[in-house]
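See below for the structure under consideration.
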Amino acid sequence: MSSRPLIQLEHNDGTWRKMALLRKLNRVLLGLLIFMVYIILYSRMHKAPQPPIHTDVRAEPGAVGGAAGGVKGGVKGGAAEEEMTEADDDVLVVICAAEERIGGAMATVNSIRSNTEASVFFYIVTLHDNVAYARQYIQKSELKDIRFKILEFNPTVLKGKVRPDSSRPELLHPLNFVRFYLPLLVVKHRRAIYVDDDVIVQGDIQDLYKTKLQPGHAAAFASDCDLPSEVVRTMGMQTTYMGFLDYRKLEVRELGINPSDCSFNPGVFVADIERWKRQKITKQLETWMQQNYKNNLYSSAMSGGVATPPMLIVFHGKYTALDPIWHVGHLGWSPDTEYSDASLHEAQLLHWSGRFKPWDYPCVHMELWEKWYVPDPSRRFALVRPNS
């Protein structure tokens, strides 16, 4: 018999084995390629967000009794300066300083430090472009003796959480959301006070700081229904949840919150930082921001903009009520609605919440705010008055 068929068979068998090996190799390479694509997509989807607060920059010294600590820290665009550190017995106050409202923030700081004997440490939070301006305002004015840090807020953390809204653009300012991230600012302390920049403190801030929180509560706010009766009457439903949430939306109705429940003002509050972290308050607030971004549950057209409703939802029935004298608010609600002299005299804290700010015109009770105003050394910020 001829051996030719056997040779041909062996040849065919070798070719088949090579083809099988190539197919297996191709499958392995394809599997590796798919795996690499998956890893890339996963890493992009789960990429860690940028921290909202740059705490490694902007540590600013004051000049009271020599700054504590001896750590040298560089400030971008400036000389190295001694870093301020907080003491355990400090009253910690967090306040935002937007460029266009910086005079308001400085008036707030001045009123606080002028009406207490306590050791106060200020965390002043601003955006990158305003850091040098805020530092200069303090260091070249009568505020140069305060103890403070300037922290830079990173607005990219709000991407996908805040829906653009042109009805009241000022309510969409990134610094309106700083209060959501308190545990990332206040690292060493268990407690902090947050105040808006349209606030004047007439009492001793130490008394507010010592507010006793009810068991399980992470914060204390002032109820809007505790306002003087003449103010509540003019505001109508803007003192209730109906004024902040869109009850036509199923997600809002499913919360089970009575629309006539009293709202509270998140522009002034005392926070227990440890409880805030344990209860994951920041995560809850971000969740409701994302819900609104998708479903438009509230908007800037409503009274509180988009920063107040998440606070109202997360803290509903879970906050301690402040003594009403520690929040006489809504002085900026109308240029015509004035408070009685008695309520203004008794007030430990005045809040010009609303559209009409005391550094602008018109506004009520401007004289009570202006006594604490610190002129801008650079003259970039100026009061708006009838004769200006």
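Each residue in region 378-388 was checked for being surrounded by fewer than 16 Cβ atoms within 10 Å (Cβ to Cβ) and either under 20 Å from M106 (Cα atoms) or in contact with a Gly (Cβ under 9 Å, 6 or more places away or on another chain) (or both), and 6 pass. Contact map, region 128-151: residues that are at negative phi and crowded, with 17+ Cβ neighbours inside 10 Å paired with residues that are part of a helix (DSSP H, G or I) and polar (S, T, N, Q), Cβ distance under 7 Å, separation 6+ or inter-chain. Pairs shown: L143/N110. Is there a residue in region 289-307 that is closer than 26 Å to G203 by Cα and free of Cβ contacts under 8 Å to residues at least 40 places away in the same chain? No: zero hits. Remark: pairs (first residue in region 187-205, over 12 Å from V109 (Cβ atoms); second residue modelled with pLDDT under 95 and assigned to a strand (DSSP E or B); Cβ separation under 7 Å; 6+ apart in sequence or on different chains) = D198/G332. Here is the figure for region 95-130: residues that are basic (K, R) and within 17 Å of L172 (Cα to Cα) total 1.
Can you say whether Y319 is over 17 Å from V195 (Cβ atoms) and surrounded by 21 or more Cβ atoms within 10 Å (Cβ to Cβ), as far as the supplied structure shows? Judged against the criteria, Y319 is not a match.
Cβ-Cβ distance below 9 Å, separation of 6 or more or different chains: which pairs start in region 362-388 with a residue that is hydroxyl-bearing (S, T, Y) and end on one that is part of a loop (DSSP other than H, G, I, E, B) and surrounded by 13 or more Cβ atoms within 10 Å (Cβ to Cβ)? Sorted first by the residue in region 362-388, then by its partner, the pairs are Y373/P358; Y373/W359; Y373/L383; S388/Y361. The residues of region 243-273 that are under 17 Å from the mean Cα position of the chain (by Cα) and of a type in the set (D, E) amount to a single one, D272. Of the listed requirements (1) at pLDDT 95 or above; (2) of a type in the set (A, V, I, L, M); (3) in contact with a His (Cβ under 9 Å, 6 or more places away or on another chain), V328 misses just one: (1). Which one is surrounded by the fewest Cβ atoms within 10 Å (Cβ to Cβ), of the residues in region 252-267 that are more than 12 Å from D224 (Cα to Cα), modelled with pLDDT of 95 or more and touching a helix residue (DSSP H, G or I) at 6+ places or on another chain (Cβ under 8 Å)? Out of the qualifying residues, it is N258. If I ask for residues that are of a type in the set (A, V, I, L, M, F, W, C), assigned to a helix (DSSP H, G or I) and closer than 29 Å to V94 by Cβ, which ones from region 250-283 would you list? Listed by number, the residues that qualify are I273, W276, I281. If you scan region 331-366, which residues turn out to be under 24 Å from the mean Cα position of the chain (by Cα) and either modelled with pLDDT under 95 or more than 25 Å from D204 (Cα to Cα) (or both)? The answer is L331, G332, W333, S353, G354, R355, F356, D360. Considering L175, L171, L184, L151, the condition of being over 15 Å from V91 (Cβ atoms) and not in a helix (DSSP H, G or I) is satisfied by L151 alone. Among the residues of region 367-388, those that are over 25 Å from Y133 (Cα atoms) and of a type outside the set (D, E) comprise L368, P386, N387. Kindly indicate whether T156 is closer than 23 Å to I200 by Cβ, touching a residue at least 24 places away in the same chain (Cβ under 8 Å) and in a helix (DSSP H, G or I). Here the answer is no, as T156 does not meet what is asked. Within the bounds of region 86-109, is there any residue that is surrounded by fewer than 17 Cβ atoms within 10 Å (Cβ to Cβ), part of a loop (DSSP other than H, G, I, E, B) and at pLDDT 95 or above? Looking through region 86-109, none of the residues is surrounded by fewer than 17 Cβ atoms within 10 Å (Cβ to Cβ), part of a loop (DSSP other than H, G, I, E, B) and at pLDDT 95 or above.
When the test is whether a residue is surrounded by fewer than 19 Cβ atoms within 10 Å (Cβ to Cβ), out of contact with any Pro (no Cβ under 7 Å at 6 or more places or on another chain) and in contact (Cβ under 8 Å) with a residue 24 or more places away in the chain, S343 does not pass it.
Yes or no, residue by residue, for (1) more than 27 Å from H217 (Cβ to Cβ); (2) of a type in the set (V, I, T); (3) in contact with a Gly (Cβ under 8 Å, 6 or more places away or on another chain):
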{"site": "L322", "(1), (2), (3)": "no, no, no"}
{"site": "H327", "(1), (2), (3)": "no, no, no"}
{"site": "K357", "(1), (2), (3)": "yes, no, yes"}
{"site": "L368", "(1), (2), (3)": "yes, no, no"}
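The values are calculated or read from the model by the stated rules, or taken from the named source; none is laboratory data. Model, not experiment: these values are computed from the prediction. Positions of Cβ are backbone-derived with ideal geometry, glycine not excepted, and every protein chain shown enters the neighbour counts.
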